[in-house]
Every structure is written in C-alpha cells, then in structure tokens.
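Colleague: Pasting in a structure now, in structure tokens, and then I'll have a few things to ask.
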Protein chains: 2
Amino acid sequence: METPFVRIDVDVLARNIDRMAAAVRERGLALRPHVKTHKIPRIARMQLDAGAVGLTVATIGEAEVFVAEGATDVFIAYPLWLTPDRAARLERLVRSARVSFGVDSVESATHAARTLGAAASRLEVLVEVDSGHHRSGAAPEDAASVAEAARAGGLRVAGVFTFPGHSYAPGAPEQAALQEREALRTAAAGLEAAGFVVERRSGGSTPSVLATAADGATEVRPGVYVFGDAQQLALGRCDPDDIALTVVATVVSRHPGPDGATHLVLDAGSKVLGSDRPAWTPGFGCIAGRPGAVIVALSEHHATVSWPADEPAPARGSLLDVIPNHVCLVLNLVDEVVAVTASGSERWPVAARGKNS
Amino acid sequence: METPFVRIDVDVLARNIDRMAAAVRERGLALRPHVKTHKIPRIARMQLDAGAVGLTVATIGEAEVFVAEGATDVFIAYPLWLTPDRAARLERLVRSARVSFGVDSVESATHAARTLGAAASRLEVLVEVDSGHHRSGAAPEDAASVAEAARAGGLRVAGVFTFPGHSYAPGAPEQAALQEREALRTAAAGLEAAGFVVERRSGGSTPSVLATAADGATEVRPGVYVFGDAQQLALGRCDPDDIALTVVATVVSRHPGPDGATHLVLDAGSKVLGSDRPAWTPGFGCIAGRPGAVIVALSEHHATVSWPADEPAPARGSLLDVIPNHVCLVLNLVDEVVAVTASGSERWPVAARGKNS
C-alpha cells in the first residue's frame with residue numbers, strides 16, 4: 001500500500017486483548033469493550049473469543065455493522081434521541097441481538113418509549129449518569145426518576161452507566177475511578193430503592209479501568225487498550241512495546257529547523273492522523289522507536305517532525321511509523337488497514353468507518 | 001437523513017464560487033481552486049464553469065477521482081516522493097489530463113525524474129518554495145537549482161508555487177500575502193536567470209487571496225472559500241451569510257452549566273466535525289444563527305455547547321446547524337452530503353473522501 005496507511009501488529013494487538021481480558025477477569029468484572037476504537041469486526045471477534053460478554057458501540061450504525069457480522073449483545077452507550085427511523089432500526093436490530101442503549105433524562109426516556117411503541121419491551125436501557133466528566137448523563141441521585149420514566153413507557157431497565165472521561169489527564173485516572181464508583185453506587189442504590197433489579201453497573205475507560213473497584217462497576221467498557229496511542233503513552237497507561245497501530249508515512253521534505261533540529265515533513269496529516277491534541281501530549285503524535293522526535297505541526301497532508309539534533313535524521317523517501325495521539329479518530333479515516341503477523345500481512349476492512357448515526 | 005449529516009446550501013455555494021471567480025479575475029489572476037476542501041466533482045464542475053483554469057488537489061488519489069470525472073488540468077500541489085507505483089499512476093493520469101506536481105529539493109526532483117523514466121517529459125513540475133509558513137518548500141533563492149535538477153531529468157518545469165499557510169491567524173493575511181509575493185518573485189527571477197520560462201507563479205489561500213498582488217502570483221489556489229467555516233469567520237474572511245455548509249445535529253442532552261449558561265450536548269462530535277481548534281477560534285465550532293453559542297468541548301460523538309444565559313435554550317430533540325471550525329476535515333468524514341436548493345434537495349457523493357495517497 002502507498003503511504004500514508006494504517007499498519008496493525010496483530011501479535012501486539014492479541015497480547016493487548018488478552019492482557020486486558022485477564023486483568024478485568026481478575027477484578028471480578030465483565031468486559032464489554034468499546035469497538036468505536038477499531039470499527040473492525042475481526043478485532044471484535046478476537047475480543048469476544050477472549051471472554052468479552054458483549055460489545056459497546058457509540059451509534060446505531062455501528063451496532064448494525066457488528067450485529068450483521070455476528071455480534072449477539074450490543075450496548076449503544078449513548079443517550080439516543082429516537083426518531084421513527086431510529087426506532088425502526090432498533091426494532092430490526094433486536095430481532096438478531098440483545099440490544100441496550102442509554103437514556104439520561106425523564107424526557108428522553110419517555111420519548112424513546114413512545115417512539116418505540118410496542119417494540120419498547122424488547123429493548124433494554126441503562127440510565128447514564130455523570131461521574132464528573134460533565135458531558136451527558138443525569139445526576140446520580142436523579143437516575144431513579146429516569147428509570148421510572150423508562151419503565152412506565154414499557155422499556156426494560158437493565159442498570160446504570162457512566163463514562164469517566166475526565167480520566168484523560170495526567171494523574172487523573174485514580175480520582176476519576178473513585179468518582180465513577182460513587183456515581184454508579186449512588187445511582188444503583190436509587191434504582192434499587194425504587195424497586196429495580198440493577199443487573200449492570202457499567203463504567204470504565206482505558207485510563208481508569210485498572211483502578212475500577214468491583215463494588216462500583218459490574219462491567220467496564222475500555223476501547224483504546226487494543227492499540228494504545230500517544231495519549232495513553234503520555235498518561236503512562238501503556239508502554240512503547242504495547243503500541244499495536246501506527247500510520248506508516250514517507251519523509252517527503254526536510255529542512256534545518258530552529259535550535260539545530262532537523263524538520264522533516266511526512267505525508268501523513270490530519271486527514272489520516274486526526275488532530276486531537278490535548279495540552280499534555282508532547283505534540284500531534286510521536287514516531288515509533290524515536291522518543292525524541294515529535295510532531296510539532298500538523299496540516300491536512302503534512303506532519304512536521306522536529307528530529308533530535310543528536311540523531312541522524314532520516315533521508316527523503318524513508319518510511320516512518322507514526323503513533324497517533326488518538327487512535328479512535330484514525331480508524332474512522334481509512335477504509336482498510338494492513339494487518340501484519342509473523343507469517344505475512346492481509347488487509348482488513350474498517351467496516352464501521354463513518355457510521356456516525 | 002439522520003443526524004449528524006452535512007448540509008450544503010447550493011445557492012450560497014454558487015454565490016461564493018461566482019464572487020471569488022470575479023474577484024480573482026478583476027485582479028488579473030487565474031483561479032485554480034483547491035478541491036481537497038470539498039472532494040465533490042459536482043462542485044469542481046461549478047468552479048470550472050465559473051472560469052477556473054484547472055483544479056488543485058493534494059494527492060494523486062484526488063487527481064484520479066477528478067480526472068475520471070472529466071477534469072483536464074490538475075495540479076498536485078504537494079512535494080511528491082515518487083515510488084514506482086506512484087509514477088505508474090501519474091503516467092496513467094497524464095493520458096487523460098494535463099498533470100503538474102510539486103518538487104521542493106534537488107533530491108526529490110532528481111528522484112521523480114528517474115522514477116518516471118520516459119514518462120517524465122509528459123509531466124510538469126512546479127518548484128515549491130517556502131514563503132514563511134515553514135512547512136515544505138525550498139528557500140526561494142534555491143528554486144533554480146531544483147528546477148535545473150528537474151530539467152536535467154527530463155521533466156518540464158512550468159513554474160513555482162508556495163502556500164502562505166501562516167495567513168491563518170488574525171491580522172496575518174496581508175503580511176503573508178506580501179511574503180508570498182516576495183517568495184514567488186525571488187524564485188521566478190532565479191528560474192528566469194537560469195533560462196526557464198516561468199509560466200505559472202502559483203500562490204494563494206482563502207485568507208490571503210484577496211490581498212494577492214498580480215506582480216507576485218499569476219494564479220491562486222484558495223479552497224475553503226466555497227463553504228466558509230468558523231475559522232474564516234474568526235479571521236473576518238467571510239460573513240455568517242456566506243456559510244454554505246453546516247453539520248446538522250440533534251440536541252440529545254442538556255444540563256445547567258457553569259455561570260448560568262445551559263449546556264447542550266449535540267450528536268455531532270470530532271468524527272464528523274474534525275477537531276482542529278486554533279487558539280484564535282472561540283471553540284470547536286459555532287452554531288448558525290446563534291453567535292453567542294459556542295462548542296466548548298468536543299469528543300467523538302458529543303459536542304458540548306454553552307448556550308447564552310439570556311436566550312432560551314433549545315429543547316432535546318431540536319436540530320441545530322453547526323458551523324465547523326475547519327470545513328476541509330468535514331468532507332473527509334462523510335460519504336455524501338445533502339445539497340439543498342430552493343426547489344428541493346439531493347444527495348451528492350463525496351467521491352474523493354479518504355483519498356490520502
């Protein structure tokens with residue numbers, strides 16, 4: 001394949017999948033990995049074979065892709081606002097799989113139930129609560145009233161969930177995991193007091209999952225752990241050897257940069273790397289095997305790399321492996337990846353690319 | 001279509017295309033619009049019908065799409081590093097169209113000529129020079145030696161080009177246009193002294209194009225002007241009425257935010273809006289018709305909007321039009337758009353989506 005292309009090391013991928021499966025099992029939790037990270041049915045199959053109880057997706061469109069490929073239990077971890085079209089799609093999905101989705105207000109629960117009509121009883125909902133990320137999610141103490149609205153409309157309430165997205169900062173995962181625990185316990189207690197059986201308390205992100213306490217969550221939904229990325233490296237949540245995905249790029253230009261560094265230009269830009277760039281990452285991505293090199297500027301088809309002055313800079317035409325900042329964006333930008341094993345390589349289609357709705 | 005989806009107002013689009021064509025014509029310049037912005041052959045056709053002399057693309061893959069749809073003159077404004085496969089693709093392209101591409105070093109020019117072999121004489125190159133953006137491009141005074149290397153290898157040298165990308169900052173476009181002028185003049189003078197006929201001096205970005213002097217450039221390559229976006233609004237380079245593209249999103253959640261504002265959550269995140277966020281834009285995007293509302297946080301499927309305290313916030317289920325920060329990223333994230341006119345709407349495929357190589 002011509003650069004830029006996405007390369008997956010299947011052995012590292014398999015090790016990441018097995019390691020997380022074992023770590024989550026040891027903690028007495030169920031693993032329901034978020035497949036928005038990879039969007040590839042083949043990888044979901046590896047996760048299920050390693051013991052995942054089901055899949056997490058972000059959209060109905062992603063659910064449709066994975067159910068068509070054989071998934072039998074999908075959780076759309078998103079506060080859906082149902083339209084008649086979305087309700088019809090959910091009704092079709094639930095003929096082939098167990099399907100649950102999120103509600104985070106009395107209004108959205110009531111609206112979902114009304115829009116689904118008779119199909120409501122075949123779908124499960126989990127009440128989303130806010131554990132400190134302040135994105136979507138009801139206050140934990142309001143979860144019971146949301147659950148009651150869902151039940152009144154005929155939906156089956158399976159439990160509560162939260163996303164501790166504020167775990168994405170240095171030093172933050174442990175505190176976020178504690179807040180997640182409190183939010184899930186408060187919400188679940190509210191539901192139980194209102195007569196619900198809380199089957200699932202769902203939490204977990206890649207940064208916080210290993211700090212998850214089993215008296216908070218019953219299941220966790222990490223996604224990025226399959227590949228790792230420059231954000232996880234910066235958070236200390238994976239090692240360079242754990243990186244299973246890189247974007248292979250060609251050095252197309254080079255010039256003297258400031259401070260004696262050489263500046264290289266790679267043919268991988270924001271249209272394949274994504275442009276997420278938290279303040280706590282060193283740049284717009286890293287170079288595998290070259291910890292001193294950093295992507296200091298990114299445009300659509302150019303990554304400018306500052307190369308350490310004390311290392312010989314690669315020549316034009318060299319191929320480099322870029323570790324993207326946020327790997328979930330990368331898989332949404334390519335139609336296929338090159339999956340490499342010791343015995344050869346093959347192309348895997350990114351079947352759920354672009355399934356935003 | 002279900003949200004999030006991309007909506008194009010065809011009347012505004014046509015007005016933007018005509019206005020830029022007229023402004024560039026008045027300045028005595030040729031217009032060669034960059035179609036990486038839209039990736040839609042139908043829109044390229046509108047630009048050519050309005051008088052564009054040809055198209056600019058970023059990759060061979062984009063060139064292949066537009067030539068297959070009838071374009072007869074494409075400029076790949078990128079310092080390509082040719083492989084045998086890329087050379088074969090260029091050779092196929094040049095059977096159907098006039099094709100030019102960029103070189104920015106003696107080494108890449110020599111390598112391109114050698115890799116193309118006998119086909120070199122059918123392809124044109126322009127020498128890329130750096131006018132202050134410090135990305136790719138030779139120093140203007142080195143352009144002649146690059147051109148000589150290209151000529152020695154049998155390539156036809158058509159001229160010089162630059163991208164004044166440092167025009168993307170408040171107050172910067174005029175100064176960037178001056179630097180562009182100087183860089184193009186210096187480079188062209190060098191080529192002329194070495195015996196080249198400089199047919200094309202190519203410059204221009206949407207922020208700087210109207211400051212381009214005809215004694216610097218002969219042609220300009222703006223891209224974003226067809227749609228406008230939140231960056232161009234922040235730079236004062238378009239008005240709210242000029243915005244031709246929005247991402248239609250649903251309000252899925254709302255909560256009290258800090259400072260009395262209501263926080264809304266929309267179902268459009270970085271996987272459809274892109275996550276470019278220069279420090280000089282107010283947020284991760286704006287809401288059409290609501291200048292006080294700003295996207296304060298963005299994740300893959302959530303945009304958090306801070307709604308002005310003195311305006312009633314939309315209810316859950318409402319549709320809002322999001323103006324993305326950088327529209328070029330959006331078109332690379334969807335397979336089709338909804339094109340709306342006074343008489344109805346139709347779907348246009350984004351034929352060059354994902355053509356990164």
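The values are calculated or read from the model by the stated rules, or taken from the named source; none is laboratory data. Here the structure is a predicted model, which is why all the values come from computation and not from measurement. Counting neighbours? That spans all protein chains shown, and the Cβs are built from the backbone with ideal geometry, glycine included.
Colleague: Test B:T59 against the criterion of being out of contact with any helix residue (DSSP H, G or I) (no Cβ under 8 Å at 6 or more places or on another chain), among the β-branched types (V, I, T) and under 29 Å from A:R254 (Cβ atoms), and give yes or no.
Modeller: Spelling it out, B:T59 is indeed out of contact with any helix residue (DSSP H, G or I) (no Cβ under 8 Å at 6 or more places or on another chain), among the β-branched types (V, I, T) and under 29 Å from A:R254 (Cβ atoms).
Colleague: Same structure again: Filter the range B:182-199 for residues that are in contact (Cβ under 8 Å) with a residue 60 or more places away in the chain and touching a Lys or Arg at 6+ places or on another chain (Cβ under 9 Å) and give the result.
Modeller: The one that is in contact (Cβ under 8 Å) with a residue 60 or more places away in the chain and touching a Lys or Arg at 6+ places or on another chain (Cβ under 9 Å): B:A187.
Colleague: Let me ask another. Inspect the range A:138-146 for any residue being part of a helix (DSSP H, G or I), farther than 22 Å from B:S299 by Cβ and small (G, A, S) and give the result as yes or no.
Modeller: Yes - at least one qualifying residue is present in the range A:138-146.
Colleague: In the range B:152-174, how many residues are touching a residue at least 40 places away in the same chain (Cβ under 8 Å) and more than 25 Å from B:V57 (Cβ to Cβ)?
Modeller: 3
Colleague: Now for a different question. Please find, within the range A:277-289, the residue that is nearest to B:A58 (Cα to Cα) out of those that are part of a loop (DSSP other than H, G, I, E, B) and away from every other protein chain (no Cβ under 14 Å).
Modeller: Taking the candidates together, the pick is A:G283.
Colleague: Under 8 Å by Cβ, and 6 or more places apart or on different chains, what pairs join a residue from the range B:210-229 that is within 10 Å of B:R181 (Cα to Cα) with one that is of a type in the set (S, T, N, Q)?
Modeller: Pairs found: B:A217/B:S202.
Colleague: So which residues in the range B:42-63 are within 13 Å of another protein chain (Cβ to nearest Cβ) and polar (S, T, N, Q), if there are any at all?
Modeller: Hits for the range B:42-63 are B:T56, B:T59.
Colleague: Further question: For the range A:198-222, give me each residue that is under 12 Å from A:L31 (Cβ atoms) and basic (K, R).
Modeller: Across the range A:198-222, the qualifying residue is only A:R221.
Colleague: Moving to a separate point now. Looking only at the range A:47-77, filter to residues that are of a type in the set (S, T, N, Q) and in contact (Cβ under 8 Å) with a residue 40 or more places away in the chain; which one of those is surrounded by the fewest Cβ atoms within 10 Å (Cβ to Cβ)?
Modeller: Per the criteria, the residue is A:Q47.
Colleague: Can you give me the number of residues within the range B:306-339 that are aliphatic (A, V, I, L, M), within 14 Å of another protein chain (Cβ to nearest Cβ), surrounded by fewer than 24 Cβ atoms within 10 Å (Cβ to Cβ) and in a loop (DSSP other than H, G, I, E, B)?
Modeller: Residues that pass the stated criteria total 3.
Colleague: Next up: From B:L80, B:L90, B:L123, grab the single residue that is more than 14 Å from chain A (Cβ to nearest Cβ) and buried (at least 22 other Cβ atoms within 10 Å of the Cβ).
Modeller: Sole residue among the options that is more than 14 Å from chain A (Cβ to nearest Cβ) and buried (at least 22 other Cβ atoms within 10 Å of the Cβ): B:L123.
Colleague: Any residue in the range B:218-234 that is on the phi < 0 side of the Ramachandran plot, more than 19 Å from the chain's Cα centre (by Cα) and assigned to a loop (DSSP other than H, G, I, E, B)?
Modeller: no
Colleague: For the range A:252-276, give me each residue that is in a strand (DSSP E or B) and among the polar types (S, T, N, Q).
Modeller: A:S253, A:T262, listed by residue number.
One line per residue, one yes/no per condition, for (1) farther than 24 Å from A:A58 by Cβ; (2) within 14 Å of another protein chain (Cβ to nearest Cβ); (3) not basic (K, R):
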{"residue": "A:D229", "(1), (2), (3)": "no, yes, yes"}
{"residue": "A:Q232", "(1), (2), (3)": "no, no, yes"}
{"residue": "A:D239", "(1), (2), (3)": "yes, no, yes"}
{"residue": "A:T250", "(1), (2), (3)": "yes, yes, yes"}
{"residue": "A:R254", "(1), (2), (3)": "yes, yes, no"}
{"residue": "A:A261", "(1), (2), (3)": "yes, yes, yes"}
{"residue": "A:S275", "(1), (2), (3)": "no, yes, yes"}
{"residue": "A:P291", "(1), (2), (3)": "yes, no, yes"}
{"residue": "A:A303", "(1), (2), (3)": "yes, yes, yes"}
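Colleague: When you go through (1) within 12 Å of chain A (Cβ to nearest Cβ); (2) within 28 Å of A:H133 (Cα to Cα); (3) not in a strand (DSSP E or B) one by one for B:S205, which number turns out not to apply?
Modeller: All conditions are met except number (2).
Colleague: Moving on to the next point. Has the range A:80-87 got at least one residue that is more than 16 Å from A:L31 (Cβ to Cβ), part of a loop (DSSP other than H, G, I, E, B) and in contact with a strand residue (DSSP E or B) (Cβ under 6 Å, 6 or more places away or on another chain)?
Modeller: yes
Colleague: Still on this structure: Looking at this structure, is A:E107 among the acidic types (D, E), in contact with a Gly (Cβ under 9 Å, 6 or more places away or on another chain), in a strand (DSSP E or B) and crowded, with 17+ Cβ neighbours inside 10 Å?
Modeller: no
Colleague: Just wondering, is there one or more residues in the range B:98-108 that are within 14 Å of chain A (Cβ to nearest Cβ) and under 30 Å from B:S270 (Cα atoms)?
Modeller: Checking the range B:98-108: not a single residue is within 14 Å of chain A (Cβ to nearest Cβ) and under 30 Å from B:S270 (Cα atoms).
Colleague: Count, please, the residues in the range B:1-41 that happen to be away from every other protein chain (no Cβ under 14 Å) and either under 16 Å from the mean Cα position of the chain (by Cα) or assigned to a loop (DSSP other than H, G, I, E, B) (or both).
Modeller: Number of matching residues: 13.
Colleague: Another question, then. Against the condition of a type in the set (K, R), outside any helix (DSSP H, G or I) and surrounded by fewer than 22 Cβ atoms within 10 Å (Cβ to Cβ), how does B:R95 come out, does it pass?
Modeller: Criteria met by B:R95.
Colleague: May I ask you to list the residues in the range A:237-275 that are closer than 26 Å to A:N332 by Cβ and out of contact with any strand residue (DSSP E or B) (no Cβ under 8 Å at 6 or more places or on another chain)?
Modeller: Within the range A:237-275, A:R237, A:C238, A:D239, A:D241, A:D242, A:K271 meet the criteria.
A quick yes/no check of all residues on (1) under 27 Å from A:F284 (Cβ atoms); (2) surrounded by fewer than 24 Cβ atoms within 10 Å (Cβ to Cβ); (3) among the hydroxyl-bearing types (S, T, Y):
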residue: B:A249; (1), (2), (3): yes, no, no
residue: B:G260; (1), (2), (3): no, yes, no
residue: B:L264; (1), (2), (3): no, no, no
residue: B:S270; (1), (2), (3): yes, no, yes
residue: B:G289; (1), (2), (3): no, yes, no
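Colleague: Could you check the range B:1-52 and list, in sequence order, the residues that are hydroxyl-bearing (S, T, Y) and out of contact with any strand residue (DSSP E or B) (no Cβ under 7 Å at 6 or more places or on another chain)?
Modeller: B:T37
Colleague: Continuing with this model, one more query. Return yes when A:R114 is within 30 Å of A:I40 (Cβ to Cβ), modelled with pLDDT of 95 or more and not aromatic (F, W, Y) and no when it is not.
Modeller: So A:R114 does not fit the description; no.
Colleague: Name the single residue that is nearest to B:A249 (Cα to Cα) among those in the range A:62-74 being of a type in the set (D, E) and part of a helix (DSSP H, G or I).
Modeller: A:E62
Colleague: What residue, of A:A77, A:A52, is assigned to a loop (DSSP other than H, G, I, E, B), under 18 Å from the mean Cα position of the chain (by Cα), among the small types (G, A, S) and closer than 27 Å to A:A143 by Cβ?
Modeller: Exactly one residue qualifies, and that residue is A:A52.
Colleague: On to the next question. In the range A:108-147, which residue that is among the hydrophobic types (A, V, I, L, M, F, W, C) and more than 27 Å from the chain's Cα centre (by Cα) is farthest from A:T218 (Cα to Cα)?
Modeller: Ranking the qualifying residues of the range A:108-147, first place goes to A:A118.
Colleague: Consider B:S121 against the criteria (1) of a type outside the set (A, V, I, L, M); (2) farther than 28 Å from B:P84 by Cβ; (3) in contact (Cβ under 8 Å) with a residue 12 or more places away in the chain: it satisfies all of them except one. Which criterion is unmet?
Modeller: (2)
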